[in-house]
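J.: Here it is: the structure, laid out below.
The values are calculated or read from the model by the stated rules, or taken from the named source; none is laboratory data. Bear in mind the structure is a predicted one, so any value in this text is a computation, not a measurement. Please note: Cβ atoms are built from the backbone with ideal geometry, for glycine as well, and neighbour counts cover all protein chains shown.
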Number of protein chains: 2
Amino acid sequence: MDLALSEAHAAAKRGEVPVGAVLVQDGAVIARDGNRTREYNDVTAHAEILVIRQAASRLGSERLGGADLYVTLEPCTMCAAAISFARIRRLYYGAEDPKGGGVAHGAQFFRQPTCHHAPEIYSGLAERDAALLLKDFFQARRSS
Amino acid sequence: MDLALSEAHAAAKRGEVPVGAVLVQDGAVIARDGNRTREYNDVTAHAEILVIRQAASRLGSERLGGADLYVTLEPCTMCAAAISFARIRRLYYGAEDPKGGGVAHGAQFFRQPTCHHAPEIYSGLAERDAALLLKDFFQARRSS
């Protein structure tokens, strides 16, 4: 989760909403990135989607059944569905996102009958750091 | 919707699940594509996501507030969320998808409190053609 937090910090420096994600498989990092929606002009360029795409491209496989995802914020509904499609094994996330989350909030995608694979879910990792980073970012943006 | 159906036919010929999508703005097609999850080794390469990314890239804007999306199948939950994020104005879709849909089924994303923009929704356009195309595709795949 430290690596994911450093990706979130890097995203903040680029002026992006500070969320970072890391995919780990067999003890090795197979992809790491932060949110790049502004840089890419792409609403789908959330950290989770970017690492899933990168890892799938590198491994030559759509599905990442042995991979665990670390992300600093509760994934949104779009990302939750992508995590399911990619067959991610475990999901570790930091801060909760009551306004936009799709795991513990709103659609709670993994609990839907239309969800055909759900990862094991562990929340609250480095929650304070991840939440503080987001809070600082939005405070700075409002006051600038 | 005819263009979307022709993209779905083209997807079937590539061995992809036959779903096609077209984005229209001010009477002009700004992006059209079919599902390419296999070709790109990318679980997020649904037709809807591809046209949203293409249009955003071409127009240099994350948000596509004046654009209407035509898609042959009810969008899944991932695509419904992306449609919301991109601020698509109207969504027209063909066949219903009780197993994987995220608009009228399962998460029904546009009705969630975590959904901050919902398009106008029109369903059942060319429903029979779109559904038949999918049915034929899966029947052929099972028997091959």
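J.: Does segment A:71-78 contain at least one residue that is on the phi < 0 side of the Ramachandran plot and surrounded by fewer than 24 Cβ atoms within 10 Å (Cβ to Cβ)?
T.: There is no residue in segment A:71-78 that is on the phi < 0 side of the Ramachandran plot and surrounded by fewer than 24 Cβ atoms within 10 Å (Cβ to Cβ).
J.: Identify, please: which residue in segment B:33-51 is under 20 Å from B:Leu3 (Cα atoms) and either modelled with pLDDT under 95 or in contact with a helix residue (DSSP H, G or I) (Cβ under 6 Å, 6 or more places away or on another chain) (or both) and is, among those, surrounded by the fewest Cβ atoms within 10 Å (Cβ to Cβ)?
T.: The residue in question is B:Ala45.
J.: Sticking with this structure for a sec: Going through segment B:97-137 one residue at a time, which ones are under 18 Å from A:Ala81 (Cα atoms) and acidic (Asp, Glu)?
T.: Selection gives B:Asp97 alone.
Okay, residues lined up against (1) in contact with a Lys or Arg (Cβ under 8 Å, 6 or more places away or on another chain); (2) within 20 Å of A:Gly102 (Cβ to Cβ):
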{"residue": "B:Asp26", "(1), (2)": "no, no"}
{"residue": "B:Ser61", "(1), (2)": "no, no"}
{"residue": "B:Ala67", "(1), (2)": "yes, no"}
{"residue": "B:Ala81", "(1), (2)": "no, yes"}
{"residue": "B:Phe110", "(1), (2)": "no, yes"}
{"residue": "B:Pro119", "(1), (2)": "yes, yes"}
{"residue": "B:Leu134", "(1), (2)": "no, no"}
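J.: Further question: Listed residues B:Val51, B:Val103; which is more than 9 Å from every other protein chain (Cβ to nearest Cβ) and over 16 Å from A:Cys115 (Cβ atoms)?
T.: Going through B:Val51, B:Val103 in turn, the sole match is B:Val51.
J.: Just give me the residues in segment A:106-136 being within 14 Å of another protein chain (Cβ to nearest Cβ), touching a Phe, Trp or Tyr at 6+ places or on another chain (Cβ under 7 Å) and within 26 Å of A:Ile30 (Cα to Cα), in sequence order. Spell out how you get there, then give the answer.
T.: Taking segment A:106-136 and keeping what is within 14 Å of another protein chain (Cβ to nearest Cβ), we get A:106-119.
If we keep only those that are touching a Phe, Trp or Tyr at 6+ places or on another chain (Cβ under 7 Å) too, we end up with A:107, A:115, A:118.
Answer for segment A:106-136, where residues must be within 14 Å of another protein chain (Cβ to nearest Cβ), touching a Phe, Trp or Tyr at 6+ places or on another chain (Cβ under 7 Å) and within 26 Å of A:Ile30 (Cα to Cα): A:Cys115, A:Ala118.
J.: Residue by residue through segment B:8-32, note down the ones that are crowded, with 24+ Cβ neighbours inside 10 Å and either assigned to a strand (DSSP E or B) or acidic (Asp, Glu) (or both). If you could, list the steps in order and put the result at the bottom.
T.: Let us first name the residues in segment B:8-32 that are crowded, with 24+ Cβ neighbours inside 10 Å, namely B:8, B:11, B:18-23.
Result: B:Gly20, B:Ala21, B:Val22, B:Leu23.
J.: One residue is enough: does segment A:56-65 have a residue meeting the conditions within 12 Å of the chain's Cα centre (by Cα), closer than 20 Å to B:Cys79 by Cβ, surrounded by fewer than 24 Cβ atoms within 10 Å (Cβ to Cβ) and not aromatic (Phe, Trp, Tyr)?
T.: Within segment A:56-65, not a single residue is within 12 Å of the chain's Cα centre (by Cα), closer than 20 Å to B:Cys79 by Cβ, surrounded by fewer than 24 Cβ atoms within 10 Å (Cβ to Cβ) and not aromatic (Phe, Trp, Tyr).
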